[in-house]
Amino acid sequence: MTLPEHGALPTASAKTPVIGDLGDYVRKILIIAGVEVRKLRHDPTELLMRAVQPALWLIVFGEVFSGMRAIPTGELPYLDFLAPGILAQSAMFVAIFGGMSIIWERDLGIVHKFLVSPTPRTALALGKSSAGGVRALSQMVIIYLLSIVMGVHINWNPVNILAVIAAVVLGAMVFTSFSLIIALLVKTRERFMGIGQVLTMPFFFASSAIYPISVMPSWLQVLARINPLTYQVNALRALMVNGGTSSHPLWIDFAVLVSATAVLTIIAGRLYPRAAN
C-alpha cells in the first residue's frame, strides 16, 4: 500500500477485517507512523519547547532537593533518582498532546480519507501512538545530555540503553493513545488543550517520578499504583542510572505498559469513526 503525499490512503469498503494479514497490518501502522513523524519537518521546534519545563524541573527542583536531602532515596543520589522521572515526564508531555492531529485532520477533511481506506482502525491508532513514541526519543536525547552535564551517573551498558529506548517509546505510546481517546471524545482544539493541560500534572505527581511511593499518603499510593507513568519511571530508574532499582521486576513494568497500550488502542480504534462527525 502506498500513501500519497497528503496522507490519503486508497479507498475501499469500510467493512475490512480488524486485523487481517499481520504483515500488511504492520505495514499500514508504519505508513501512518511515517506520515505523523514527517509532520515534524514543518515545526521541529515543538519538541524543544516541550522539553523546557522538564529541563527546569531537573535543573531547579533537582538541585534544590539534592542540597536539602528532604526526600529519602536510599543510597541513590537525588539527581540520579530524579533524572529517570523527568525523562518519563518529558516523554509524557510530548505524547499527551498527540491527539491534536486527529482534530486537525478532521478540520482539513483528511480523516474521512483514512476512514474509508482498508486500514483497520486500530492500525490508525497504533500508527499515531508509534509516532508519539518516536517523537519522545528526542526528549530522551535532551534529558540524557542535561543529566550528563549535571553529573548524573548514567548507565552506559548498551543493553540498558536499548531497554531505556523501549521504555520511553512504550510510555509515550500509552499517553498518545490516551490523548487520541480524549481528542475523539471532545472534538474541539480548545477543550482538548484544556484537558491535556489539566491531566499532565496529576499523572506526574501521582507517580514515583519525584518521590518514592512510600512517602505518599495512602490514597495517593493507590493512584500511583494504577498510573502507567509509575511503571515507566520504575523501569527507567532501574535501567538508566547506576545503582537504580525498580520496586518490582522489570517484566511487570513492561507488561503494564504493553497492556495499557493495547487496551487504549482498542478503545481508540472503536472511537475512531467519531472523528468524522
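The values are calculated or read from the model by the stated rules, or taken from the named source; none is laboratory data. Worth saying up front: this structure is predicted, and the values here are computed from it rather than measured. Because the Cβ atoms are built from the backbone with ideal geometry, glycine has one as well, and the counts that use them run over all protein chains shown.
Checked against the criterion of being more than 17 Å from the chain's Cα centre (by Cα) and within 21 Å of Arg27 (Cβ to Cβ), the candidates Pro158, Pro118, Pro77, Pro72 yield just one match: Pro118. Could we say that Ala262 is among the small types (Gly, Ala, Ser) and either surrounded by 21 or more Cβ atoms within 10 Å (Cβ to Cβ) or touching a Gly at 6+ places or on another chain (Cβ under 7 Å) (or both) here? Considered against the rule, which asks whether it is among the small types (Gly, Ala, Ser) and either surrounded by 21 or more Cβ atoms within 10 Å (Cβ to Cβ) or touching a Gly at 6+ places or on another chain (Cβ under 7 Å) (or both), Ala262 comes out as no. Of the candidates Ala209, Ala238, the single residue that is hydrophobic (A, V, I, L, M, F, W, C), under 22 Å from Gly133 (Cα atoms) and not in a helix (DSSP H, G or I) is Ala209. Only helices (runs of 4 or more DSSP H) whose full extent lies in segment 62-176 are considered here, and the ones with at least 1 residues that are touching a residue at least 24 places away in the same chain (Cβ under 8 Å) and aliphatic (A, V, I, L, M) are 78-95, 100-108, 110-115, 121-149.
Going by the conditions given, is Ile161 among the aliphatic types (A, V, I, L, M) and modelled with pLDDT of 90 or more? Yes; evaluated as a whole, the condition is true for this residue.
Out of contact with any Leu (no Cβ under 7 Å at 6 or more places or on another chain), assigned to a helix (DSSP H, G or I), crowded, with 18+ Cβ neighbours inside 10 Å and modelled with pLDDT of 65 or more: does that describe Lys39? Spelling it out, it is not the case that Lys39 is out of contact with any Leu (no Cβ under 7 Å at 6 or more places or on another chain), assigned to a helix (DSSP H, G or I), crowded, with 18+ Cβ neighbours inside 10 Å and modelled with pLDDT of 65 or more.
Can you tell me which residue is farthest from Ile59 (Cα to Cα) among those in segment 134-158 that are touching a Gly at 6+ places or on another chain (Cβ under 8 Å) and at pLDDT 90 or above? Among them, the one singled out is Asn155. Just the residues that are at pLDDT below 85 and farther than 18 Å from Ala131 by Cβ, please, taken from segment 253-277. Within segment 253-277, Pro273, Arg274, Ala276, Asn277 qualify.
Please go through segment 167-206 and give me each residue that is among the aliphatic types (A, V, I, L, M) and surrounded by fewer than 16 Cβ atoms within 10 Å (Cβ to Cβ), ordered by number.
Leu185, Met193, Val198, Met201
A quick yes/no check of all residues on (1) closer than 18 Å to Val141 by Cα; (2) aliphatic (A, V, I, L, M); (3) at pLDDT 60 or above:
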site: Leu3; (1), (2), (3): no, yes, no
site: Gly7; (1), (2), (3): no, no, no
site: Gly20; (1), (2), (3): no, no, no
site: Arg50; (1), (2), (3): yes, no, yes
site: Gln53; (1), (2), (3): yes, no, yes
site: Met68; (1), (2), (3): no, yes, yes
site: Glu75; (1), (2), (3): no, no, yes
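For segment 185-202, a tally of residues being outside any helix (DSSP H, G or I) and on the phi < 0 side of the Ramachandran plot returns 1.
Being out of contact with any His (no Cβ under 6 Å at 6 or more places or on another chain), modelled with pLDDT under 90 and hydrophobic (A, V, I, L, M, F, W, C) holds for only one residue in Leu220, Leu199, Leu170, and it is Leu199.
Of the residues making up segment 241-277, just one is part of a loop (DSSP other than H, G, I, E, B) and touching a Lys or Arg at 6+ places or on another chain (Cβ under 6 Å), namely Gly244.
Scanning segment 190-222 for residues that are closer than 25 Å to Ala83 by Cβ and hydroxyl-bearing (Ser, Thr, Tyr) yields Thr200, Ser207, Ser208, Tyr211, Ser214.
The residues listed here are Ser138, Ser130, Ser147; of these, the one that is small (Gly, Ala, Ser), over 23 Å from Asn227 (Cα atoms) and buried (at least 21 other Cβ atoms within 10 Å of the Cβ) is Ser147.
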